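These notes concern the structure reproduced below.
The values are calculated or read from the model by the stated rules, or taken from the named source; none is laboratory data. What you are looking at is a predicted structure, and each value in this text was computed from that prediction instead of being measured. Heads up, the Cβs are rebuilt from the backbone with ideal geometry, glycines too, and the neighbour counts pull from every protein chain shown. In case anyone asks, the SASA skips ligands and DNA or RNA and just uses the protein heavy atoms, side chains included. Shrake-Rupley method; radii C 1.70, N 1.55, O 1.52, S 1.80 Å.
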Amino acid sequence: MSSLLSYFDQIRHQWLAPSFGWTGIEIGCHEIKMAQVRKLGSRWQLEAVWTVDHPTPYVNPNHASSEELFGWIPIDKLKSGGLSPTFENLVSLKSLFRGRNCAATLTDGIIEYRELDLPPCGVSESHAMVCSEIALEKECELEELLTECWDLLQTRPRSQASCFATVSLEKSTALRFARDLMNAGFECRALDAVPCAMARATSMAVEDGEQSVLTIDLGYQQATLTLVKQGQPLLSRGIRSLGLVSWLESIATSFGVSMSDAQTLLFQSTGNHVEKSCENFEFSNPLQQKLGSYLQSFTVELDRTIHFASQVCRSASPTQILLMGPGTRIPGIDQALARRIGLPANIWSIDVSENLFGNQCIAAYAISAALSSLAFEAQ
Amino acid sequence: MHVNLLPSSFVWRRLARKRIRQWTLGFGCLFFLFVVANQHLVLGLWKGRCEYHALHSSIEPICELQNRQADLANQSGALLQKIKQLKVVVSPDRTTSFLGLLSQGVGADEGKIQIREFQVTVTEPTKQDLNRPKAPQSTNTEKSTKSSTAVVPDGRTTGIQYQMSMRGISTEGESISKLVDELQKSSVFPEIELRSTQERFVSERMIQEFQLEGVGHE
């Protein structure tokens with residue numbers, strides 16, 4: 001009977017290969033983003049997207065106002081509570097997406113990313129060494145920790161060591177999220193790491209796989225920079241000071257407005273604050289001045305990363321910048337970064353289904369879409 | 001590339017659930033097919049049973065008739081048996097009557113006729129003969145039959161047949177015809193027939209041999 005089922009699975013994969021991906025779910029402290037893609041030949045098409053806000057967000061008391069809606073859940077609370085507060089919303093959203101299967105990731109540093117230098121050895125030995133190293137560092141049992149690693153293909157000429165990227169997560173946290181998703185009607189097939197999802201998202205948007213692309217996920221809590229070549233993440237950095245929340249807090253403090261209003265000012269489609277400030281360095285209003293100073297610090301961090309990448313991955317110096325995440329809603333940020341860094345900068349984009357209505361910022365769903373595309377990679 | 005940080009225990013449980021779902025679905029389909037096939041068979045049996053009852057109810061009058069006919073045949077057989085027994089007790093002995101007549105006829109002709117052989121055969125009918133329908137007969141024949149045979153109340157004769165055969169010689173042909181007339185006048189053997197006559201010389205004297213046959217019914 002089992003062999004018969006396997007035979008049917010083979011037929012299903014060969015002849016009835018689904019064109020729809022799984023439901024990609026990006027779980028962050030600020031919101032949960034969901035997306036589903038469809039593969040049409042070699043093209044990708046975004047079929048469905050949705051964002052779920054946490055129902056009881058943490059509100060910064062310094063910027064709270066009577067109509068404050070902006071907020072997030074602290075990492076510890078999200079880890080301990082899982083998805084139970086948003087359970088009803090997720091259940092009702094089940095009908096929006098096709099199929100039960102989903103792939104998820106936890107952003108905002110919930111899945112910890114590290115790079116370790118290890119002496120040259122086999123894959124299994126490397127994995128064992130990485131696991132023990134992380135467990136030792138976090139002072140927890142090896143069985144309580146889930147760890148994965150991959151070779152970054154970086155060279156350390158002096159030490160002859162190999163550099164490994166590692167991602168780790170507490171087992172209890174992973175189980176909690178997987179069970180919550182299952183209770184909401186989704187069957188969690190994979191819990192991916194953000195750098196891998198970013199690499200896949202880059203491959204979806206950039207046709208030339210030989211190009212080295214510095215992909216930037218402008219999230220609320222942190223900005224994640226990942227150097228991608230041939231679909232592989234070669235380098236990744238998470239910079240908390242460049243998270244959107246930092247921008248918004250600064251604007252809200254400076255102008256005495258709420259975080260929600262600060263977000264409205266930052267994302268308003270009529271303005272093009274960043275580009276203007278970048279071109280002239282003569283800021284016509286205080287908002288542009290504020291953004292200009294942030295852009296300056298952003299540029300500094302980017303320069304550092306590019307410089308480091310050029311050193312450790314000489315064959316993979318970035319040739320372009322790809323922006324994704326909710327920060328891409330800031331008008332003109334791609335052009336501003338392109339002018340500052342001297343590399344072409346684009347906002348992540350793929351085809352959009354006619355079923356999607358409204359002026360959606362699809363780059364915010366890049367990681368969710370990449371998670372959805374795991375359905376085809378898993379086959 | 002991708003990594004999977006799902007615990008292996010969760011993955012195994014998920015796979016187990018998936019397999020259980022598939023097996024359940026498979027068994028569910030089989031059960032459904034079994035139920036459908038069973039329903040089909042049961043429906044066929046039920047239809048057959050209905051048809052059997054309908055046919056049985058339609059032939060019920062015929063069965064009743066058959067039963068009644070069998071009963072009547074039994075009754076008829078019993079009655080015939082009774083009639084036969086009664087006839088043994090009641091019916092006259094024709095042979096004796098006929099011998100009386102014959103002696104009268106022969107004696108009246110002063111020894112011109114001599115009877116050399118006389119034989120009477122009684123034949124009882126079989127059941128098949130009794131059940132066989134009678135062939136239509138002409139009115140005259142019916143009359144003669146009515147007059148010569150006993151008829152039971154349901155219109156049938158008892159079927160007992162008396163067959164008489166007689167041989168003799170006569171010195172005169174006229175005497176033979178007189179004897180035949182005398183015998184025909186009596187109702188013992190209504191059908192008397194002169195079957196043959198033959199002239200012969202015995203001791204230089206011409207005599208006539210004759211043969212008579214008669215049939216009577218009861």
Self-check item: Scan of the stretch A:173-188 for residues that are in contact with a helix residue (DSSP H, G or I) (Cβ under 7 Å, 6 or more places away or on another chain) and within 9 Å of chain B (Cβ to nearest Cβ), ordered by number
Solution: A:L175, A:A178, A:E187, A:C188
Exercise. Show the residue pairs that are 6+ apart or on different chains and have beta-carbon atoms under 6 Å apart, the first residue being within the stretch A:196-213 and more than 22 Å from A:D151 (Cα to Cα), the second being part of a loop (DSSP other than H, G, I, E, B) and open to solvent by less than 10 Å² (accessible area, probe 1.4 Å).
Key: A:A205/A:W348
Exercise. Identify the residue in the stretch B:2-17 that is surrounded by 12 or more Cβ atoms within 10 Å (Cβ to Cβ), farther than 15 Å from A:R176 by Cβ and more than 8 Å from every other protein chain (Cβ to nearest Cβ) and, among all such residues, is nearest to the chain's Cα centre (by Cα).
Key: B:R17
Quiz prompt | Failed item, numbered, when A:E275 is tested on (1) modelled with pLDDT of 80 or more; (2) crowded, with 17+ Cβ neighbours inside 10 Å; (3) part of a helix (DSSP H, G or I); (4) not aromatic (F, W, Y) | solution = (1)
Practice problem: Could you please give the count of residues in the stretch A:230-245 that are part of a helix (DSSP H, G or I) and open to solvent by 40 Å² or more (accessible area, probe 1.4 Å)? | Solution: 2
Quiz item: Out of B:Q22, B:Q39, which single residue is within 14 Å of chain A (Cβ to nearest Cβ) and either assigned to a loop (DSSP other than H, G, I, E, B) or surrounded by 10 or more Cβ atoms within 10 Å (Cβ to Cβ) (or both)?
Solution: B:Q22
Quiz item: Can you tell me which residue in the stretch A:188-203 is surrounded by the fewest Cβ atoms within 10 Å (Cβ to Cβ), limited to those that are of a type in the set (D, E, K, R) and under 11 Å from A:A104 (Cβ atoms)?
Solution: A:R189
Exercise. Could you tell me which residue of the stretch A:125-148 is least open to solvent (accessible area, probe 1.4 Å), considering only residues that are more than 17 Å from B:V3 (Cβ to Cβ) and within 14 Å of chain B (Cβ to nearest Cβ)?
Key: A:L142
Self-check item: helices (runs of 4 or more DSSP H) lying entirely in the stretch A:295-379 (those with 1 or more residues that are away from every other protein chain (no Cβ under 14 Å) and either without any contact (Cβ under 8 Å) to a residue 12 or more places away in the chain or under 28 Å from A:C29 (Cβ atoms) (or both))
Solution: A:333-341, A:366-372
Practice problem: Name the residue, out of A:L227, A:L181, A:L214, that is more than 17 Å from the chain's Cα centre (by Cα) and either of a type in the set (A, V, I, L, M) or buried (at least 22 other Cβ atoms within 10 Å of the Cβ) (or both). | Solution: A:L181
Quiz item: Which one is nearest to the other protein chains (Cβ to nearest Cβ) among residues in the stretch A:189-233 that are of a type in the set (S, T, N, Q) and farther than 23 Å from A:S246 by Cβ?
Solution: A:Q232
